[in-house]
1. Scan the stretch 68-102 for residues that are of a type in the set (D, E, K, R), part of a helix (DSSP H, G or I) and crowded, with 18+ Cβ neighbours inside 10 Å and jot them down.
2. Would you call V576 within 30 Å of Y30 (Cα to Cα) and β-branched (V, I, T)?
3. If you scan the stretch 1-39, which residues turn out to be modelled with pLDDT of 95 or more and among the polar types (S, T, N, Q)?
4. Return a yes/no flag: does the stretch 223-239 have any residue that is part of a strand (DSSP E or B) and under 25 Å from the mean Cα position of the chain (by Cα).
5. Being within 16 Å of the ligand (Cβ to nearest atom) and surrounded by 23 or more Cβ atoms within 10 Å (Cβ to Cβ) is the requirement here; does I665 meet it?
6. Count, please, the residues in the stretch 691-749 that happen to be part of a loop (DSSP other than H, G, I, E, B) and within 16 Å of the ligand (Cβ to nearest atom).
7. Does T188 meet the test of being among the hydroxyl-bearing types (S, T, Y), under 14 Å from L312 (Cβ atoms) and either in contact (Cβ under 8 Å) with a residue 60 or more places away in the chain or outside any strand (DSSP E or B) (or both)?
8. If I ask for residues that are of a type in the set (S, T, Y), surrounded by fewer than 23 Cβ atoms within 10 Å (Cβ to Cβ) and assigned to a loop (DSSP other than H, G, I, E, B), which ones from the stretch 308-356 would you list?
Amino acid sequence: MSETETPIRGLGHSVRRKEDDRFLRGRGNYVDDLQLPGMLHMALLRSPLAHARITAIDVEAAKAHPGVVAVVTGRDLDAHGLAWMPTLSGDTQAVLALDKVVFQGQEVAAVVAEDPYVASDALELIEVDYDPLPPVVDPYKALEPDAPLIREDKQGQTSNHINHWEKGDRGATERAFATADKVVRVETFYPRSHPAPLETCGCVADVDPATGKATIYMTSQAPHAHRTLFALVAGLPEQNIRIVSPDLGGGFGNKVPIYPGYVVATVASLLLGRPVKWVEDRTENLISTGFARDYHMTGEVALSGDGKILGLRSKVIADHGAFNAAAQPTKTPAGLFHIFTGSYDVPAAFCEVDAVYTNKAPGGIAYRCSFRVTEASFLIERLMQKAATELDVDPAELRRRNFIRPEQFPYHSVVGWVYDSGEYQRALDLALEQLGYEELRREQRERFARGELMGIGIASFTEVVGAGHGADYDIAGLRMFDSAELRVHPTGKAILKLGVKAQGQGHETTFAQIVAAELGIQPEDVAVMEGDTDNTPYGLGTYASRSTPVGGAATAMVARKLREKATRIAAHLLEVAEEDIEYAEGRFAVRGAPDRAKTIQDVAFAAYTNLPEGMEAGLEGVTYYDPPNMTFPFGTYCVVVDIDKGTGVWKVRKMVAVDDCGVRINPMIVEGQIHGGLAEGFAIAAMQQISFDEDGNCIGQNFTDYLLPTSWETPKFETHATVTPSPHHPIGAKGVGESATVGSPAAYVNAVLDALAPLGITNIDMPVTSDKVWTAMHEKGFV
Ligand code: CDP
């Protein structure tokens with residue numbers, strides 16, 4: 001490379017996000033921006049009650065309202081066999097309620113009108129007679145024998161119990177507990193939270209009456225899978241369905257399930273022969289779309305006198321709401337919860353989870369998380385903190401004694417995981433060094449002596465991301481691979497089409513960087529396309545940090561395929577044997593004569609103009625990548641808090657995050673992902689929850705009740721990295737999008753409880769609000 005040439009900005013370069021130009025200029029293209037000729041607007045009537053029989057619905061006044069084109073009820077859908085739809089967890093969910101409503105906010109009827117305001121107004125003209133039933137909001141009460149049966153529609157369902165699942169060796173774990181010097185127990189509730197993306201869910205369904213082609217513009221994190229599900233459920237030919245997921249204003253798992261609004265809008269467009277737009281408002285999003293967590297967890301760890309873990313067990317009651325609609329692609333009902341042994345070498349473990357119906361919105365989605373890994377990570381990190389307190393061992397030291405050591409990788413855990421790589425102590429040591437841990441512990445002792453409350457919380461989390469591989473992970477039977485299609489045009493500029501779909505993660509930049517690393521085409525010369533099922537290869541979508549582990553791997557592999565062909569073309573152009581060509585940084589040079597070289601641009605032109613005899617024209621390929629294993633990113637988060645004795649208010653003084661996601665494609669984007677996740681983790685730990693009163697009314701229907709942290713409350717974060725490549729990923733990368741949401745809540749809670757430990761306070765459930773802290777201190781006679 002000459003001095004004037006720009007280096008190829010492949011892996012490890014903090015390339016500015018290409019997509020930000022349009023986002024920052026207000027030129028993004030979201031579902032609600034779409035205006036199609038003749039488009040109608042749909043609004044949904046929702047149940048005000050959590051549990052009630054529907055005895056009558058009168059839609060005549062709404063139908064007669066000027067501007068209303070149609071009113072749709074469950075009975076209308078039933079006539080087309082569409083009143084019920086399958087959920088991603090094998091349950092059935094009412095599209096529009098027929099005889100009974102089972103949660104507040106459930107979809108009961110739809111109005112389609114010429115104008116969105118007319119559609120909303122006309123909802124008030126629909127008369128529904130409800131006969132109230134006793135609502136069941138507490139999952140423990142839901143399991144009592146005399147609890148009202150929520151799912152009367154399900155044949156053979158005689159209780160509110162959905163399923164029982166267990167993993168591990170119960171006998172070996174019991175034996176480990178029998179020999180323990182110390183057993184530490186944590187009972188905690190991981191509250192129901194909501195991803196609350198900035199853009200709510202919605203669609204424009206456009207069924208062309210002439211061709212029968214259904215184009216559905218939809219807020220979808222998984223457009224290809226959604227197309228197949230639409231085809232299977234509605235019986236439409238799949239080639240006649242096109243899902244377009246345009247720019248998405250965040251998803252965080254909320255845009256993985258199929259919601260009734262999508263189905264009703266599509267049916268309405270089919271029947272009316274005009275495009276129909278449905279976009280939910282904030283309250284609809286919060287009360288009816290996929291929630292997360294809602295796990296009542298008990299964990300116990302058995303320890304030897306010197307602080308070695310001998311065994312681990314947990315029992316969970318999982319509140320799934322009224323329909324089991326957990327969006328997760330594993331064959332196990334509790335997803336990946338069995339990663340609950342975390343970063344530790346645990347010789348015996350056993351977990352069991354019972355899922356329960358209650359009169360609450362369905363969901364159980366993986367909010368910036370891999371299918372219950374967040375709950376699992378929180379439990380083990382809370383246990384480690386409590387064990388350290390009870391054994392009077394430094395929490396960092398207790399972790400060191402139990403970490404899986406680098407030489408143990410690939411590590412086979414007792415519950416069946418094969419961890420690909422990790423250096424847990426290195427991440428912990430770096431975090432403690434950056435924090436100034438020893439000095440802070442000294443300060444803490446001095447403050448305690450003066451009656452002041454200061455705490456240091458640690459979470460050394462490990463993650464499991466990148467579903468599949470396909471044999472173990474699927475959505476409705478669709479194996480969890482992903483895909484990349486790459487074409488280099490004659491001028492050496494490329495287009496990359498992907499099966500994944502970003503919601504703000506910067507794929508247009510980072511995936512172009514992978515091509516840059518493999519082929520030497522600069523990222524700005526690689527256009528990245530996602531989200532249009534007619535124009536991208538089949539893939540399973542973006543959630544659970546799977547894009548880099550799976551779609552990223554597919555991208556590297558397809559670029560390598562093209563490089564092989566490019567090498568043959570370069571050999572032809574340079575009139576040497578293929579084996580004599582060396583590739584580096586976009587140049588194909590003759591071995592031993594580096595000045596005799598062709599660039600990727602020369603080769604691309606030749607691929608269309610000057611080919612070796614018998615070679616097919618073009619420089620194009622597609623790869624479907626089924627990963628051999630998940631990737632296991634990890635890190636340590638440390639939080640320092642000060643608690644005000646008079647009010648219980650706790651403030652984060654310092655937060656240090658060390659993340660290891662293997663090879664980082666774009667360090668700036670990785671850092672951005674971690675900042676976002678740390679802010680969400682803080683919100684969950686400190687202020688957020690979707691709760692319900694005893695009548696099943698959802699508390700948290702808007703952003704004055706369901707709190708989002710602003711820049712005022714959000715702490716300052718210091719981020720650092722270690723790099724432990726994944727041995728099985730083509731570029732050594734692991735996912736990172738969800739790490740901080742998964743790992744950080746325990747760090748914040750551990751910090752507060754570390755401050756309160758001298759008072760004998762051992763647990764406060766999230767959100768750890770100041771009034772809960774104050775009450776706990778008050779009960780101990782401290783304030
Ligand atoms: O699946 P999702 O895009 O949500 O998560 P991800 O694969 O963890 O990636 C989030 C963003 O971080 C993407 O733009 C990735 O390409 C980028 N990333 C990276 O630059 N290096 C990594 N090792 C992992 C992710």
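The values are calculated or read from the model by the stated rules, or taken from the named source; none is laboratory data. What you are looking at is a predicted structure, and each value in this text was computed from that prediction instead of being measured. Heads up, the Cβs are rebuilt from the backbone with ideal geometry, glycines too, and the neighbour counts pull from every protein chain shown.
1. Step one: of the stretch 68-102, the residues of a type in the set (D, E, K, R) are 75-76, 78, 91, 99-100.
Now restrict to residues that are part of a helix (DSSP H, G or I): 75-76, 78.
The one that is of a type in the set (D, E, K, R), part of a helix (DSSP H, G or I) and crowded, with 18+ Cβ neighbours inside 10 Å: D76.
2. Working: within 30 Å of Y30 (Cα to Cα): no; β-branched (V, I, T): yes.
So V576 does not fit the description; no.
3. S14, N29, Q35
4. Let us first name the residues in the stretch 223-239 that are part of a strand (DSSP E or B), namely none.
No, every residue in the stretch 223-239 fails to be part of a strand (DSSP E or B) and under 25 Å from the mean Cα position of the chain (by Cα).
5. In short, yes.
6. Taking the stretch 691-749 first, the residues part of a loop (DSSP other than H, G, I, E, B) are 693-697, 700-717, 722-732, 734-738.
Checking which are within 16 Å of the ligand (Cβ to nearest atom) leaves us with 722-732, 734-738.
Residues in the stretch 691-749 being part of a loop (DSSP other than H, G, I, E, B) and within 16 Å of the ligand (Cβ to nearest atom): 16 in total.
7. For T188, the condition - among the hydroxyl-bearing types (S, T, Y), under 14 Å from L312 (Cβ atoms) and either in contact (Cβ under 8 Å) with a residue 60 or more places away in the chain or outside any strand (DSSP E or B) (or both) - is not met.
8. Within the stretch 308-356, the first condition is being of a type in the set (S, T, Y), and the residues that meet it are 314, 330, 332, 341, 343-344.
Checking which are surrounded by fewer than 23 Cβ atoms within 10 Å (Cβ to Cβ) leaves us with 330, 332.
Within the stretch 308-356, just T332 meets the criteria.
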